[in-house]
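Quick notes on the structure that follows.
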Amino acid sequence: MTHLLDVNVLLAAIWENHSQHAKTFRWLEGKDVAVCPLSELGFLRVSTNPKAIHAPMEKTRNLLKRFLTERNAKRIADDLPALDSRPQKSEQVTDTYLAALAEKHGMKFATLDESIGHSAAVLVN
């Protein structure tokens with residue numbers, strides 16, 4: 001089974017100082033993974049945001065590229081119309097979309113967020 005990675009999983013897996021790095025890195029062992037433009041852009045946005053990790057853009061891009069190459073990550077298109085996902089409130093928009101996108105592609109959605117109530121969501125633990 002291939003797992004579409006949530007932004008929070010990418011952050012935890014790539015940044016060694018992340019509080020959930022070790023757990024996430026262990027969980028990823030032997031897993032087939034995928035990303036989409038939305039998850040890649042989310043990783044870049046959070047990693048370079050001055051109020052979050054505040055890493056330099058070039059370093060962030062290189063770390064993401066290395067991680068994806070080492071994991072032989074599959075790339076899928078954000079090819080689900082936004083209105084085909086059904087979030088109930090604003091804070092669910094991105095995660096509900098990514099879970100529905102994973103489902104559309106026959107994947108699971110790997111996340112650290114315990115509150116996603118979608119059948120495609122799998123908690124990294």
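Every number here is computed from the coordinates shown, using simple stated rules; none is lab data. Computed from a prediction, not measured in an experiment: that's the story for all the values here. Every residue, glycine among them, receives a Cβ derived from its backbone with ideal geometry; neighbour counts consider all protein chains shown.
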Could you list log10 I(q)/I(0) for the chain at q = 0.16 Å⁻¹, which the Debye formula gives when each Cα is one point scatterer? -0.74
Would you grab the residues whose amide H sits under 5 Å from the one on Ala34? Only those 5+ places off in sequence or on another chain, please, with H modelled 1.01 Å from N. His3, Leu4, Leu5, Lys74
Given pairs Lys51/Lys104; Lys51/Lys89; Lys23/Lys108 and cut-off 28 Å on Cα-Cα distance, the over-length ones are Lys51/Lys104
Scoring the chain by relative contact order with C-alpha pairs under 8 Å, at least six apart, yields a percentage of 31
Explain nothing, just the number: dipole magnitude of the chain about its Cα centre with +1 on each Lys and Arg Cβ and -1 on each Asp and Glu Cβ, in debye rounded to the nearest 20. 280
With unit charges on the beta carbon (Lys/Arg positive, Asp/Glu negative), name the residue among Ala102, Ala22, Val122 whose Cα is farthest towards the positive pole of the charge dipole of the stretch 2-123. Ala22
Positive-end residue of Ala55, Thr111, Val35, charge dipole of the stretch 2-125 with Cβ unit charges: Ala55
Toy charge model, Lys and Arg Cβ at +1, Asp and Glu Cβ at -1: the stretch 62-125 dipole around Cα centroid in debye, rounded to 20, equals 300
Considering only DSSP beta bridges with both partners in the chain, what is the antiparallel share in %, to the nearest 5? 0
